[in-house]
Amino acid sequence: MKKNIVNILATTGISLLLLSVVALFFHASCIYLETVFQAFCINIITHLGIMIIQKIELKNTFTEMVLEILFIVCELLVFGRLFHWFASLSFLLLVFMGVIIYIISHFLNLLQMKQEAKEINLLIKNRNKNQD
Amino acid sequence: MKIKTEEDLSCKEPEVIIRYSQKDKQINRIIDFLQSFDMQIKCAGDNAEQMINILDIYYIESVDKKTFVYLENAVYRTDFRLYQLKNKLQTYGFVQISKSCVLNINALDSIRPLFNSRMEATLKNGEKVNINRNYLNGVKNALGGDKEV
């Protein structure tokens, strides 16, 4: 649970940072406060969706990733309309941002997993040492 | 830990006495390990039924509602369901690593991360199986010697 909350906050931070970069690129001067909460809300739903997809445990990793990206695209389409994002952003740009955030999150996740693998390998090593 | 062995020709079957001042995690592990020596499960071989010692099992997998028991160099089918075996064997170092697989933690050699929240476990016979992230805590607990995972 704690890990999920940290992950949601981390991806929300990445989303807002990326949004600021895009906004700067288009010479915008500010981000609305409501955008911060909208981004937070979208990230909670994304994490829940991805958690459900990963619970299915598809054999093929590629299929699983395609499904996750499809979920994000559909979510952006629905919430983009709901939050009137398409008035200032094109759908393609929004999808591009979504995919970039997805890739960055996966990279960070991989780093976290590497650390966990290291801890587990140490436990295995200690266990084998005790058995010898 | 001191280990003493004694030859007694009148002894009909081996007898193990564990002497301790306090029953801790390590003592429980020794007891579980010794108990697992006599524990067998019924499997279907090529021609006839066979009793497989649980210490020889590397992992158990469920494929299309059929349960397969993987040994170092052999595979057997069993009539038990995966959840039944998981419940039966969890005190003997078996831990669920995905929806369809239960691993003998003693057969685990190393682990490495894969993309999309999965880990690849290499077993002592070189075989590789995937560990789902949701079950990683269970693996950690089992390696730490916790009974219930």
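Structural remarks
- Selection status of residue B:131, within 10 Å of the chain's Cα centre (by Cα), surrounded by 19 or more Cβ atoms within 10 Å (Cβ to Cβ) and at the interface with chain A (Cβ under 10 Å from one of its Cβ atoms): no
- Among the residues of segment A:69-92, not a single one is surrounded by 15 or more Cβ atoms within 10 Å (Cβ to Cβ) and polar (S, T, N, Q).
- Tabulated pairs, segment B:122-135, first under 15 Å from residue A:116 (Cβ atoms), second among the hydroxyl-bearing types (Ser, Thr, Tyr), C-beta under 6 angstrom, 6+ apart or interchain: B:132/B:98; B:133/B:117
- Restricting attention to segment B:59-88, the residues that are among the polar types (S, T, N, Q) and more than 20 Å from residue B:128 (Cα to Cα) add up to 3.
- Selected residue (criterion: surrounded by the most Cβ atoms within 10 Å (Cβ to Cβ)) from residues of segment B:84-128 that are more than 10 Å from every other protein chain (Cβ to nearest Cβ) and more than 17 Å from residue B:142 (Cβ to Cβ): B:127
- Some residue of segment B:57-77 being surrounded by 15 or more Cβ atoms within 10 Å (Cβ to Cβ), without any contact (Cβ under 8 Å) to a residue 60 or more places away in the chain and at positive phi: no
- As a summary of the residue check, residue A:42 satisfies the conditions (1) under 26 Å from residue A:3 (Cα atoms); (2) surrounded by fewer than 17 Cβ atoms within 10 Å (Cβ to Cβ) except for the one numbered (2).
- Segment A:88-132: number of residues that are among the small types (Gly, Ala, Ser), more than 9 Å from chain B (Cβ to nearest Cβ) and more than 20 Å from residue A:40 (Cβ to Cβ): 1
- Where residue A:25 falls short, out of the listed (1) farther than 20 Å from residue A:107 by Cα; (2) surrounded by 14 or more Cβ atoms within 10 Å (Cβ to Cβ): (2)
- Selection over segment B:1-29 of residues that are surrounded by 10 or more Cβ atoms within 10 Å (Cβ to Cβ) and in a loop (DSSP other than H, G, I, E, B) gives a count of 4.
- Those strands (runs of 3 or more DSSP E) lying entirely in segment B:30-91 with at least 1 residues hydroxyl-bearing (Ser, Thr, Tyr) and within 28 Å of residue B:3 (Cβ to Cβ): B:57-63
- Hits in segment A:52-71 - residues which are under 17 Å from the mean Cα position of the chain (by Cα) and among the basic types (Lys, Arg): A:55
- In this entry, residue A:65 is excluded by the filter for residues that are modelled with pLDDT of 90 or more and touching a Ser or Thr at 6+ places or on another chain (Cβ under 9 Å).
The values are calculated or read from the model by the stated rules, or taken from the named source; none is laboratory data. All values reported here derive from a predicted model rather than from experimental measurement. Note that we place each Cβ from the backbone using ideal geometry, even for glycine, and neighbour counts take in every protein chain shown.
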